[in-house]
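Worksheet: one structure, shown below.
The values are calculated or read from the model by the stated rules, or taken from the named source; none is laboratory data. Worth saying up front: this structure is predicted, and the values here are computed from it rather than measured. Methodologically, a virtual Cβ is constructed for each residue, glycine included, from the backbone with ideal geometry; neighbour enumeration extends over all protein chains shown. Ligands, DNA and RNA are excluded from the accessible area calculation, which covers all protein heavy atoms including side chains. Shrake-Rupley method; radii C 1.70, N 1.55, O 1.52, S 1.80 Å.
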Amino acid sequence: MGVAISRYSDISSNELLARFCSAEIICPNDPFWNQLLAFNIQLPNNTDEQLIFDSSTEALLQKFLQNNLQTGNLGSLVQVFITRATELLAAPNSDNVMLAWQTFNALFVIRAVSKYLVEIVPEYELCRHLDVNAVRAANGPVDVGDTGTPPPGQPGPETPESPTPPTSTPTHAPEAPVSPKLTVSESRVEMLVDALIGIIIDVPVTDNTYYLHLECINTLLVLMSVYMFAGVHGQTRLVETSLIYRTLFQGRYGMHAPLLVKTLLVNLSNMAPAPPNMFGTGTGDSLLVNLASGLWSMLRLGGGVRQTIYSQPALDRRELLDRLRREHGVANQSCLLLLALANHCMTQDNLYRNALLCCEDTAETSTTTPQRDSSGGAQVTPPRIDMAALHKALCATAGCEHSTLLLYLMLHSCKAYKRHITTVANIEDLIVPILQVLYNAPDSNSHHIYMSLIVLLILTEDDSLIKNVHLIMLKNLTWYTERSISEISLGGLMVLVVVRALQYNMARVRDKYLHTNCLAAIANMSCEFRNLHPYVAQRIVSLFETLTKRRSRLCSEIEGGDINTLELPHHAEEKTEEVMDHIAVLDEVIRMLLEIINSCLTHQLPSNLNLVYALLHKRHLFNHQQHQHHHHIAQNIEMVIGYFSTRLQRVQEGAGGDLGVTEVLQCIKKGAEQWSSDRLKKFPDLKFRYVEEERPEEFFTPYVWGLISSCGGVYWASECGARAVGDLLC
């Protein structure tokens with residue numbers, strides 16, 4: 001590229017890039033590569049910048065597409081990268097600035113070209129472009145028309161000659177990753193993946209290698225994104241036939257999956273702040289500058305204390321995601337790559353998923369148990385990670401959708417993380433960000449709301465947790481704006497926010513799974529409700545009142561024969577069957593609310609005077625004639641209301657007038673001291689557990705790619721990219 005370019009718009013006229021994309025064959029040992037890779041670049045930081053970058057490179061890449069199958073220049077560049085990567089891995093000091101810089105530049109060009117190919121051609125064509133060998137191309141042109149009809153995801157019929165193995169390979173410890181060695185049977189796709197994983201695992205993340213690590217992770221995501229564009233290219237069953245996915249999920253990678261998973265988790269846990277971009281520029285207008293300028297920026301700014309999301313938390317979720325991408329790119333992209341690896345091939349023996357869910361805590365002294373890989377061969381040792389550090393990172397980023405999904409995976413299936421959760425002192429650091437997502441439900445993605453509710457449901461399955469949350473008092477909740485609350489227990493806040501989410505769902509979304517999870521989470525907590533805030537008690541009873549009135553109105557309209565006047569969410573006119581379905585849903589929610597109130601009164605009546613007060617205030621709602629279909633549940637509540645109503649009436653008659661709030665509560669308190677729960681009918685404790693649906697990959701795999709597109713640092717700004725993401729999430 002050279003120092004002549006200072007703006008994205010200059011790319012199209014750059015002579016070195018034009019030569020790379022031309023019909024000229026450039027061998028891997030040509031001095032040209034040293035010239036081409038002598039640049040600093042400001043990476044696109046958002047979709048708009050990516051769009052400008054794509055527009056500037058469009059003409060060149062079209063020429064590349066026409067010529068590369070004859071020249072093999074992309075394969076030569078990949079070989080240059082692999083050589084640099086091998087040298088970096090073998091060097092005693094992997095923190096070599098110049099070598100890291102050249103390796104980064106080579107990889108950036110590879111990623112930019114691969115991203116273009118992923119969007120334009122099917123996966124097997126991408127593999128052909130990577131595998132075309134410059135030596136073979138020099139001996140004769142490739143007949144582009146004679147490609148045959150390879151199955152989707154398979155490379156073309158031509159097999160590249162085996163390149164010369166690198167002269168030096170790194171010496172690995174017993175747990176070392178795959179080094180980029182070349183064998184006769186390997187394609188250049190496999191060689192590239194080898195080199196990327198080798199750098200991620202073996203090269204430490206330092207200021208000098210930070211952006212190289214980021215580029216390695218992003219390149220793997222770009223290669224894996226062939227899944228996202230499979231529909232655009234008319235491919236089906238891509239993962240089963242893809243060379244890229246076969247390379248990642250099968251063969252020798254099994255014994256190295258735990259190391260890659262461990263490295264990505266460590267990247268996330270460390271939350272290392274991005275250094276000044278010595279591979280880029282200090283200003284937004286300039287694309288390419290002198291390396292010395294970047295080094296000087298590093299020396300000048302590197303000595304100061306960098307702000308992180310730990311030292312300076314974000315004000316809201318939008319700012320959090322933006323800062324994660326800009327200030328903690330390696331951690332952010334590591335999380336997304338981990339999700340991509342763990343959520344593909346879920347019905348098979350996914351080695352990355354197994355390693356993630358079987359990882360163990362470095363703080364535990366138990367002996368790690370080796371496991372067999374998918375082939376039944378070598379034993380694979382589950383990775384040991386610092387669960388406390390991982391938990392800290394998940395707490396700090398829990399408001400972001402991809403972090404919520406990783407949190408779900410760990411809570412649902414990782415025994416070591418679940419054990420750690422039971423010992424943490426400040427569980428509010430994890431729960432409050434999840435509650436903020438639910439509180440802002442109108443501004444949240446429906447999948448994010450759903451996953452947040454499931455996380456809460458899994459947490460409420462823990463008996464010790466549902467006891468402790470009512471002992472943790474919170475103050476100054478500035479984000480809760482519906483009502484000023486000076487102090488409330490964490491448990492009370494959980495109930496309050498989940499009830500609000502339930503009301504929002506019933507009024508607008510009407511998703512059965514959402515309100516089922518809302519009710520299940522509250523039900524799990526109900527037997528341990530303690531000292532509920534007056535406003536929380538009021539909202540529980542108010543929700544019951546709202547739903548009861550809605551059911552009564554719907555029934556009246558149906559009996560009257562005119563259902564076209566009904567004002568129901570999303571539908572101007574409802575058919576009778578649809579209205580009856582809605583009534584059935586209301587019945588289910590009303591029944592669950594009665595069970596929740598009953599559970600609280602049965603187990604914790606003396607500790608919930610405010611709930612008793614709210615029930616007495618709305619006692620007319622619990623008349624058994626209104627709930628004949630739930631009479632067996634409502635009977636206990638009626639008995640409690642009758643008991644305290646009688647006592648209040650006696651006190652009121654003795655006082656000769658109405659009682660104030662304080663006097664009523666005092667009367668309830670004295671009555672509770674003499675109350676015996678033995679008089680109530682016994683019901684089984686309310687306990688719900690989350691069970692994952694069958695074929696979870698049908699939901700999670702497309703969802704992960706939607707998150708990679710929306711939360712990641714790789715931007716698909718083209719019309720093709722937007723269509724691919726949209727089709728995937730339909």
For this session: Give me the net charge of residue 523's neighbourhood, meaning all other residues with Cβ under 15 Å from the Cβ of residue 523; Lys, Arg count +1, Asp, Glu -1.
Result: -4
Exercise. For segment 375-504, what % of the accessible area comes from carbon and sulfur atoms, probe 1.4 Å?
Worked result: 47
Problem set entry | Entries of 115/415; 262/475; 415/687 with Cα pairs more than 28 Å apart | 115/415; 262/475
For this session: Sort 632-644, 306-318 for me by packing, meaning the mean count of neighbouring Cβ atoms within 10 Å per residue, highest on top.
Result: 632-644, 306-318
For this session: First measure r as the distance between the Cβ atoms of residue 46 and residue 18, then evaluate 1/(1 + (r/R0)^6) with R0 = 35 Å and state the FRET efficiency to the nearest 0.05.
Result: 0.80
Exercise. If you count, for each residue, the other Cβ atoms within 10 Å and average over each peptide, how do 480-493, 97-110 line up from highest to lowest?
Worked result: 97-110, 480-493
Problem set entry | In sequence order, calculated HN-Hα J values of segment 54-69 (Karplus, 6.51, -1.76, 1.60; Hz; x Gly/Pro) | 4, 5, 6, 9, 4, 5, 5, 5, 5, 5, 4, 4, 6, 9, 5, 5
Exercise. Looking at the P(r) of segment 630-703, how many percent of alpha-carbon pairs lie beyond 18 Å?
Worked result: 61
Seminar exercise, completed: Expressed in square angstrom to the nearest 10, the accessible area of residue 263 with a 1.4 Å probe stands at 20
Problem set entry | Exposure rank, largest accessible area first [349, 511; 1.4 Å] | 349, 511
For this session: Grab the other residues whose beta carbon is less than 12 angstrom from that of residue 28, score K and R as +1, D and E as -1, and report the net.
Result: +1
Exercise. Size of the dipole of segment 436-495 about the Cα centre, Lys and Arg at +1 and Asp and Glu at -1 on the beta carbon, nothing else charged, in debye to 20?
Worked result: 160
Exercise. If we sort 319-332, 458-471, 578-591, 188-201 on the protection proxy, mean other Cβ atoms within 10 Å, highest first, what's the order?
Worked result: 188-201, 319-332, 458-471, 578-591
